[in-house]
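Below is one structure, written out as structure tokens; the observations come after it.
Derivation of every value follows stated rules applied to the coordinates shown; laboratory data play no part. Everything numeric here is computed off the predicted structure, so don't read it as measured data. For neighbour counting, all protein chains shown are included, and Cβ atoms are generated from backbone atoms with ideal geometry for every residue, glycine included.
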Amino acid sequence: MNAQPSGSIKRVELMPNIPSPFQMRDWKALSEAYDEFIFNFNLTGDFLPLIWWDKSHQNFERDTFGLPSYVGDVRRGRDGFQEAINCMAAVLGATLVGIDKSNQNGQNWVLMCENYYNIDNGEYLFLNTTNWKTGRSFWYEILPNILFYQLAYYYPDCGSFQEEIRLVAEKWYEACVVMGGRISPWKVPDFNWTAFSFSDKRPVYNGRWRQPDAAAGIAWLEYMAYVRWGKPEYLTAAEWSMQFLQERGENPFYEVLLPYGAYTAARMNAETGRSYDVQKLLNWCFDGDSTSRPGWGVIAERWGDYDCYGLVGSITDGGGYAFAMNTFQMAAALVPLVRYDSRFARAIGKWMLNAANAARLFYASFHDARHQSCGFWKGDPDHLIAYEGLRKVWDGKSPYATGDAIRYGWGATDFGLYGSSHVGIFGGIINRTNDEKILKLNCLKTDFYHDKAYPTYLYYNPYRTEKTVEIDVGSGLKDLYDAVTHSFLKKGISSQASFVLAADSAAVVVVVPAEGKVTYEDEKMLIDGAIVDYAAERRST
């Protein structure tokens with residue numbers, strides 16, 4: 001058997017270079033409109049407005065806001081039942097497209113998210129509700145902390161955010177120790193549990209499923225804390241977590257956390273000289289061979305008349321069931337990965353082109369009435385809220401936009417805000433170029449707590465011929481450096497410029513000061529003191 005080519009992702013190779021039919025949404029405009037819609041108290045109609053004031057003052061003596069997880073959610077308006085993975089994601093998503101949520105229409109929506117810091121119950125973690133008890137589900141107890149770390153990156157001076165995220169790192173370090181982590185002699189914790197109960201200080205197995213990719217989420221949290229504060233214990237916890245994944249032979253993917261492990265592996269390799277197997281982790285994110293949640297991965301099929309390649313979810317449930325939240329979230333972790341390991345630029349660029357095209361199918365306007373479950377709701381005429389998911393087939397129709405809310409009695413519609421609220425990830429990352437099929441992907445937008453960096457973009461050319469890509473580099477003279485070929489594409493350019501991208505290839509383009517001073521530190525290439533290439537070749541170009 002031939003070895004897998006370096007830099008490839010097996011399941012991405014099953015995807016078309018150009019998905020069909022091709023129709024790219026303006027994800028930034030959609031994200032902006034979504035923010036305006038869901039934060040509007042003045043809407044009228046069935047299930048509207050969506051937002052409400054939560055005056056329970058849980059954890060902090062301030063009002064906060066609530067958003068339903070679904071349109072028509074049976075819990076709508078019940079203070080304390082709103083989810084952090086929805087509400088915090090909505091604030092973060094708007095932030096990623098340039099909206100200042102700390103001062104919008106006289107409200108500080110960012111500070112209100114601090115209410116998810118569970119003080120009153122003594123857990124001192126950001127959790128999925130304002131009164132959540134840990135010990136039920138790793139991903140519900142780790143993702144809210146990840147989202148808050150990300151908010152704290154963009155709003156460093158808000159509230160007591162910095163102290164709170166530091167305490168989060170301390171708590172998860174302590175959890176790693178309880179799960180068996182030791183420094184001398186070195187011992188890796190066992191993350192093969194369902195959750196961790198901080199009140200009981202013990203890991204929990206619920207007898208039904210395990211979520212070992214918790215190691216990936218904890219690795220991300222602890223490494224972000226390490227680069228933020230430099231405390232050795234945080235690096236130790238990140239190393240424990242990554243070594244658990246490195247040594248594991250079975251795919252641990254459960255929900256949304258594993259891609260953050262792939263990103264952390266690439267970044268720790270680049271910044272600290274580790275040698276984690278990034279390719280293994282990426283394949284696990286895509287393959288659908290998880291032993292923790294069989295079938296969980298990335299769709300690589302055409303459903304009905306549409307290419308649905310690139311969407312994230314189950315590849316086996318009913319033949320396939322993809323989810324909006326999971327698709328948007330994977331982009332947040334994997335697009336910035338190419339800064340630290342440019343070998344994967346083509347694979348991730350190709351996957352993103354497919355995912356960004358197919359994700360439009362989460363929205364009602366791209367289906368007739370027979371191919372969606374809730375075309376009856378007219379409260380969202382611009383179709384800003386996505387369905388929770390997309391099924392390969394339902395009632396003989398393929399594909400079929402739907403969700404679980406009606407089926408399980410959670411709500412009156414299957415439109416899922418908890419997924420839609422992550423759309424700002426696409427909105428912040430994806431930009432158009434002079435060619436609709438060549439995207440400009442912002443590699444810094446979700447590269448949280450990174451060191452000094454110049455604007456960096458991932459481009460993928462899906463065509464069989466080379467293409468000229470236009471770029472606006474702003475005022476002043478700039479050079480374009482490609483971290484994939486380790487060479488300069490253009491020098492001494494300003495304002496509108498262009499570069500040539502070879503057929504079926506990718507570039508990680510860094511916009512650097514013209515004639516900047518080039519220096520090297522081991523394999524790293526720096527320009528005027530900022531790293532532009534983590535695996536540079538020492539040559540003049």
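Relative to the Cα centre, what is the charge dipole magnitude of the chain, using +1 at the beta carbon of each Lys and Arg, -1 at the beta carbon of each Asp and Glu, and rounding to the nearest 20 debye?
Using only the charged Cβ atoms, the result is roughly 780 debye.
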Discussion item. Need the list of aspartates and glutamates near Lys231 for cross-linking: C-alpha distance under 16 angstrom, and skip anything on the same chain fewer than eight residues off.
Written reply: Glu163, Glu164, Glu170, Glu174, Glu222, Glu239, Glu271
Discussion item. Please arrange Arg182, Arg248 by how many other C-beta atoms lie within 10 Å of their C-beta, fewest to most.
Written reply: Arg182, Arg248
Worksheet item: Do the alpha carbons of any pairs in Lys350/Lys491; Lys350/Lys490; Lys28/Lys101 sit beyond 18 Å of each other, and which pairs?
Response: Lys350/Lys491; Lys350/Lys490
Worksheet item: Quick one: Cα centre-to-centre distance for the stretch 336-406 and the stretch 1-61, in angstrom?
Response: 9
Worksheet item: According to the square roots a ≥ b ≥ c of the eigenvalues of the Cα gyration tensor, what is the shape class of the chain, taking rounded for a/c under 1.5, prolate for a/b larger than b/c otherwise, and oblate for the remainder?
Response: rounded
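For the chain, what is the calculated [θ] at 222 nm in deg cm²/dmol (nearest 500), taking -39500 (n - 2.57) for each run of four or more DSSP H residues and dividing by its residue count?
One gets -9000 deg cm²/dmol as the mean residue ellipticity at 222 nm.
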Practice prompt. Mind giving me the FRET efficiency for Arg78 and Arg370? R0 is 41 Å, r the Cβ-Cβ distance, nearest 0.05 is fine.
Written response: 0.75
Worksheet item: Can you sort Thr44, Thr95, Thr129 by how many other beta carbons sit within 10 Å, fewest first?
Response: Thr44, Thr129, Thr95
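I need the semi-axes of the equivalent ellipsoid of the stretch 158-285: take the C-alpha gyration tensor, multiply each eigenvalue by 5, square-root it, list largest first in whole angstrom.
Ellipsoid semi-axes (Å, largest first): 20, 19, 14.
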Discussion item. Report the Cα centroid-to-centroid distance between the stretch 451-474 and the stretch 236-279 in angstrom, as an integer.
Written reply: 28
Item to complete: Find the relative contact order for the stretch 135-242 and round it to a whole percent, using C-alpha pairs within less than 8 Å whose residues are 6+ positions apart.
Response: 30
Worksheet item: With N residues in the stretch 451-533, what two-decimal value do you get for its Cα radius of gyration over 2.2 N^0.38 Å?
Response: 1.08
Discussion item. Let me check against my output: what whole-number percent is the relative contact order of the chain, with C-alpha pairs under 8 Å and at least 6 apart?
Written reply: 15
Response to the item:
Put in order of increasing Cβ neighbours within 10 Å, starting from the fewest, Lys491, Lys280 give Lys491, Lys280
Practice prompt. Pop the C-beta distance of Leu48 and Lys231 into the FRET formula with R0 = 41 Å and round what comes out to the nearest 0.05.
Written response: 0.30
Fill in: Pair Asn431, Ser6: separation of 7 Å Cα→Cβ label points (nm)
3.1
Worksheet item: In straight Cα distance, which aspartates and glutamates are under 15 Å from Lys392, not counting same-chain residues fewer than 8 positions off?
Response: Glu301, Asp305, Asp307, Asp317, Asp404
Worksheet entry | Eligible lysines near Lys133 by straight Cα distance, threshold 18 Å, same-chain separation 8 or greater | Lys171, Lys201
